[in-house]
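Some notes on the structure that comes next.
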């Protein structure tokens, strides 16, 4: 009976192991590093592009940078931009995502992002597709953009949870995440800009 019990326990242990491996999160290490930064860190990186000859002011988190290592044999970035009409105060918010990779063109054309109510499917606009370099193979870079409303940004900022993005094309799925503190920093910068110019 003891031998049978040992065999049963060993079989049970073996049956658990594949499940545990399957459920491991490849983004966990990247997420931990990403979430160490606070709103003040992102606020220092926010840029405002504005001059007297432009009708739209651009506020961006482009300089915030990213922790690398979440894309095998490549690198990715996702940032926020706000375009403010300097006459009316109307504001358009945009997610811009960029990925560099080796191999063949992937042509990312479908996407989604997380919200507290569930994922939202989107069709990204292509900003650029470039060949960076070619040696034994070629490295490509794709940049896409998605419009997002302020209500969604406010929900993400208040959630305290990483904002997740997924883009799909001909090759591997491309996953990105953003610290909600970055969203807070952008919204605060937009509010300051509009308040300083009497815009609503």
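What follows draws every value from the coordinates through simple rules; no lab data is involved. Quantities reported herein were computed from a predicted structural model and do not represent experimental measurements. Quick reminder, even Gly has a Cβ in these numbers, built from the backbone with ideal geometry, and neighbours come from all protein chains shown.
Could you grab the relative contact order for the chain? Cα pairs under 8 Å, six or more apart, rounded to a whole percent.
Values: 352 pairs, mean separation 40.7, N = 200.
Reported relative contact order: 20 percent.
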Sort 33, 86, 184 so that the residue with the fewest other Cβ atoms within 10 Å of its own Cβ comes first and the one with the most comes last. 33, 86, 184
Match the structure shown to one of the listed values [x] 21.3, 87; [y] 21.9, 65; [z] 16.0, 46 of Rg and Dmax of the Cα atoms in Å, computed from it, and give that label. [x]
What angle, in degrees between 0 and 90 and rounded to the nearest 10, separates the Cα long axis of helix 2-22 from the longest principal axis of the Cα atoms of the chain? 20
Fully extended contour minus Cα-Cα distance, from residue 75 to residue 155, at 0.36 nm per residue: 26.0 nm
Cα long-axis angle, helix 180-196 against the chain (0 to 90 degrees, to the nearest 10): 10
For the residues 156, 58, what sequence is obtained by ranking on other C-beta atoms within 10 Å, fewest first? 58, 156
Listed residues 34, 49, 155, most fluctuating in the chain (Gaussian network, C-alpha, under 10 Å): 49
Efficiency by 1/(1 + (r/R0)^6): what FRET value for residue 130 and residue 192, r their Cβ-Cβ distance, R0 = 25 Å, to the nearest 0.05? 0.15
